[in-house]
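S.K.: One structure is given below, represented as structure tokens, and several questions about it will come after.
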Amino acid sequence: MSSAASLPCSVAASGNIRFVSISPIEVRILGSLIEKERTTPEASPLSTNALLLACNQKSNREPVTDYHLQEIEDTLRNLASKGMLRSGMASGERVVKHRHLLDEVLGVDRRDMAVLAVLMLRGAQTPGELRSRTERYVTFNSVAEGEESLRRLEEHQPPLVRNTGRAPGQSQDRWVDTFSPDPQKLRPRVRANGRRVDSGARPAARDDTPLEEQLQRLQAEIDFLYEHLDLQKPESD
């Protein structure tokens, strides 16, 4: 398959992607390409229509999505520009097909890539869940082997997974990929009085101007607006 995109400067010389985050649809596309490459290699790489079906399938996906073809096409171009995907048309074919480049640019082996793909497609999971859900990709003989894979992904530079702790009723920690922004960091802070403020926002400065002066200033601004917009002021009672 001929290449339709070269690797841009978003790929470091060491082979690691220098990125902060990628969008949910980009995560879904890359995860779907990895999954189909492993589980149905005879059908890979995928055409755009096949990729759309893979992204929106109802099994092995969380959340289930309803992306449109135009969204997929736009996102494929974005991923190619970031060096995460290559599109091309093989000799004798009439359809452009796509394959991911994460294994090349990250230097991650098949077992670790399987764990990463399942996290990208299904969100936070425990090592036990990951062991059972990666059976279509690779075989982990024990949960401990899956945990070793998670540790390698966590120690990768940049880290590719993170531990989010245990959910209620679970005996194992849950893990997520690091491609998407951390929802905890995006959550607004809650002040003691219950009002929410952005995590990076500064408290508003207190206005110590006497109330009478504030009202006079406000009235002057209102008068200016009426005059500037050539509006008729309502008559006061």
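S.K.: State yes or no: is Gly92 part of a loop (DSSP other than H, G, I, E, B), touching a strand residue (DSSP E or B) at 6+ places or on another chain (Cβ under 7 Å) and on the phi > 0 side of the Ramachandran plot?
M.R.: Judged against the criteria, Gly92 is not a match.
S.K.: Would you mind stating whether Val115 is more than 15 Å from the chain's Cα centre (by Cα), closer than 30 Å to Glu155 by Cβ, modelled with pLDDT of 95 or more and surrounded by 14 or more Cβ atoms within 10 Å (Cβ to Cβ)?
M.R.: When the stated conditions are applied, Val115 passes them.
S.K.: A further question follows. Kindly indicate whether Ser59 is under 21 Å from Pro24 (Cβ atoms), assigned to a loop (DSSP other than H, G, I, E, B) and open to solvent by less than 70 Å² (accessible area, probe 1.4 Å).
M.R.: yes
S.K.: Considering only segment 63-87, state which residues are of a type in the set (A, V, I, L, M, F, W, C) and either surrounded by 15 or more Cβ atoms within 10 Å (Cβ to Cβ) or under 16 Å from the mean Cα position of the chain (by Cα) (or both).
M.R.: Step one: of segment 63-87, the residues of a type in the set (A, V, I, L, M, F, W, C) are 64, 69, 72, 76, 79-80, 84-85.
Residues satisfying the conditions are Val64, Ile72, Leu76, Leu79, Ala80, Met84, Leu85.
S.K.: Would you mention how many residues in segment 21-53 are part of a loop (DSSP other than H, G, I, E, B) and open to solvent by 30 Å² or more (accessible area, probe 1.4 Å)?
M.R.: Residues that pass the stated criteria total 5.
S.K.: Taking segment 147-180 on its own, how many of its residues are over 21 Å from Glu62 (Cα atoms) and among the basic types (Lys, Arg)?
M.R.: 2
S.K.: Kindly check whether there is at least one residue in segment 125-139 that is within 17 Å of the chain's Cα centre (by Cα) and within 16 Å of Arg174 (Cα to Cα).
M.R.: Among the residues of segment 125-139, at least one is within 17 Å of the chain's Cα centre (by Cα) and within 16 Å of Arg174 (Cα to Cα), which makes the answer yes.
S.K.: Evaluate the following for Lys82: is it farther than 21 Å from Leu160 by Cβ, in contact (Cβ under 8 Å) with a residue 12 or more places away in the chain and basic (Lys, Arg)? If you could, list the steps in order and put the result at the bottom.
M.R.: Values: farther than 21 Å from Leu160 by Cβ: no; in contact (Cβ under 8 Å) with a residue 12 or more places away in the chain: yes; basic (Lys, Arg): yes.
Spelling it out, it is not the case that Lys82 is farther than 21 Å from Leu160 by Cβ, in contact (Cβ under 8 Å) with a residue 12 or more places away in the chain and basic (Lys, Arg).
S.K.: Within segment 39-56, work out how many residues are among the polar types (S, T, N, Q) and either touching a Cys at 6+ places or on another chain (Cβ under 8 Å) or closer than 16 Å to Val27 by Cα (or both).
M.R.: Number satisfying all stated conditions: 2.
S.K.: Turning to a different aspect of this structure: It is to be established whether one or more residues within segment 137-155 are open to solvent by less than 10 Å² (accessible area, probe 1.4 Å), hydroxyl-bearing (Ser, Thr, Tyr), at pLDDT 95 or above and in a helix (DSSP H, G or I).
M.R.: Yes, segment 137-155 contains a residue that is open to solvent by less than 10 Å² (accessible area, probe 1.4 Å), hydroxyl-bearing (Ser, Thr, Tyr), at pLDDT 95 or above and in a helix (DSSP H, G or I).
The values are calculated or read from the model by the stated rules, or taken from the named source; none is laboratory data. Because the structure is a prediction, the values reported are computed rather than measured. Every residue, glycine among them, receives a Cβ derived from its backbone with ideal geometry; neighbour counts consider all protein chains shown. Note: accessible area is taken over every heavy atom of the protein model, side chains too, but ligands, DNA and RNA are not part of it. Shrake-Rupley method; radii C 1.70, N 1.55, O 1.52, S 1.80 Å.
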